[in-house]
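Down below is the structure, laid out as structure tokens.
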Amino acid sequence: MTRPFAAPRPLAAAAMILTAMATMGLIDNYVRVIAETTGLWQFHVVRSSMCLGLLAIYARLTGTRLQPRHWGVVVARSAILSVALVTYFGALVLLPISEVIAGLFTAPIWVLLLSALFFDKSLGRVRIVAVIAGFVGVMLVLRPDTGTLTWLTALPLISGVLYALAQIATREWCAEETALTLLFGFFAALGLWGLVGLAGLSLFPQPVPAGPEGFPWRLWGQMSVAAWGWTVAQALGSIFAVGLIIRAYQIAEASFVAVFEYALLIFAVFWGYVLLGQTVDGWALTGIAVIVGSGAVMVLGTRGAATTEIPAPATPEATPGPQAR
């Protein structure tokens with residue numbers, strides 16, 4: 001489906017993504033507080049209800065369009081992105097967190113591959129190098145235990161593929177939609193998944209460990225005052241951060257924007273140090289330096305406009321037949 005694109009604004013998109021990652025790195029440090037007394041699916045329902053209500057009020061007050069121009073693509077994008085995140089959260093229950101996050105952070109690599117294979121995009125060598133370098137930096141920070149790899153390890157990889165596809169779709173399918181419309185679709189889809197999770201736990205109750213360990217299995221907890229406060233913060237912060245991410249992917253190529261999502265790890269480490277006094281070792285600091293370097297390479301390559309392009313794979317229609325060879 002062809003959409004008329006506005007002129008790309010890569011540096012503005014990079015600034016939006018970095019701001020969004022800083023916000024998410026901050027609020028996600030307090031998910032553990034929410035998890036003390038709340039269930040995962042309860043959290044999705046409560047947060048999504050807050051977000052949808054706030055977005056509806058904002059749309060009404062400002063006269064901003066909330067209804068999609070093209071229902072099919074908005075529903076498809078919302079479904080793909082929500083399945084990616086539900087798969088991610090499911091993997092968190094079954095696998096070490098470092099492996100799960102590492103799998104999700106393969107998304108920029110999948111963005112490159114999917115952009116070339118299915119959306120006929122040309123890939124510059126600068127982008128390829130930056131994406132690979134950023135992923136190496138992620139591995140240095142997380143250092144997942146490869147000795148524990150099983151078939152379940154495919155779950156976070158699947159999450160990364162779906163997340164990448166959804167973000168490509170933001171520009172390729174949904175360029176004509178408002179960020180508010182896409183935000184509403186995203187939170188509506190997550191809220192529906194929350195209801196599905198609650199229904200599943202109602203039919204098949206599970207033993208619930210005390211504290212954050214019971215987060216995935218708790219049906220409906222008695223949320224503490226702190227949990228309510230940080231859920232409100234999550235709602236407000238998520239609207240702000242996800243809105244910036246959506247807009248960034250709308251105004252620049254996905255293969256450029258995706259590299260800057262690696263910054264989430266940097267901000268998570270930063271806020272962990274500032275708020276919780278958590279420290280990192282030399283390997284992690286090296287990884288952070290590599291991630292910063294990959295972003296710098298991407299920005300400098302874009303400003304220089306001297307990127308050597310690798311053509312995307314030819315579409316079947318453009319591939320010469322035997323008679324043309």
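Quick note: the coordinates plus some simple rules give every number you see, no bench work behind them. From a predicted model like this one, the values you see are computed outputs, not experimental measurements. Because the Cβ atoms are built from the backbone with ideal geometry, glycine has one as well, and the counts that use them run over all protein chains shown.
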Quiz item: Relative to the longest principal axis of the chain, what angle (0 to 90°, nearest 10) does the C-alpha long axis of helix 107-119 take?
Solution: 50 degrees
Quiz prompt | Theoretical gain in end-to-end length, residue 49 to residue 192 [0.36 nm per residue, Cα-Cα removed] | solution = 50.5 nm
Quiz prompt | Relative contact order for the range 139-252, counting Cα pairs under 8 Å that sit 6 or more residues apart, in percent | solution = 43 percent
Quiz item: So, in Å, what gap is there between the alpha-carbon centers of the range 70-100 and the range 143-199?
Solution: 3 Å
Quiz item: Pick from 135, 204, 89: which residue has the top mean-square fluctuation in a GNM of the chain where Cα pairs under 10 Å get a spring?
Solution: 204
Practice problem: Return the distance in nm (one decimal) between the two label points of a simple spin-label model at residue 61 and residue 94, each offset 7 Å from Cα along Cα→Cβ. | Solution: 4.3 nm
Practice problem: Specify the residue with the greatest mean-square fluctuation among 151, 193, 110, computed from a Gaussian network of the chain linking alpha-carbon atoms under 10 Å apart. | Solution: 151
Quiz prompt | Calculated [θ] (222 nm, deg cm²/dmol) that DSSP helices of n ≥ 4 give over the chain, each run adding -39,500 (n - 2.57) | solution = -23000 deg cm²/dmol
Practice problem: With a point put 7 Å past each Cα toward its Cβ, work out how far residue 283 is from residue 70 in nm, to one decimal. | Solution: 4.5 nm
Quiz prompt | Taking the range 10-314 and dividing mean pair separation by its residue count, relative contact order in percent (alpha carbons under 8 Å, at least six apart) | solution = 43 percent
Quiz item: What distance in nm separates the simple spin-label points at residue 222 and residue 132, each placed 7 Å from Cα in the Cβ direction?
Solution: 5.7 nm
Quiz item: Ordered by residue, what ³J(HN,Hα) values in Hz, to whole numbers, does the range 255-261 give under the Karplus form 6.51 cos²θ - 1.76 cosθ + 1.60, where θ = phi - 60° and Gly and Pro are x?
Solution: 5, 7, 5, 4, 4, 6, 6
Quiz item: According to the square roots a ≥ b ≥ c of the eigenvalues of the Cα gyration tensor, what is the shape class of the chain, taking rounded for a/c under 1.5, prolate for a/b larger than b/c otherwise, and oblate for the remainder?
Solution: prolate
Quiz item: Gaussian network model of the chain, Cα springs within a sub-10 Å range: biggest mean-square fluctuation belongs to which of 96, 156, 144?
Solution: 96
Quiz item: Taking amide H positions as placed 1.01 Å from N in the peptide plane, with prolines and chain starts having none, which residues 5 or more places from residue 123, or on another chain, fall under 5 Å of its amide H?
Solution: 310, 312
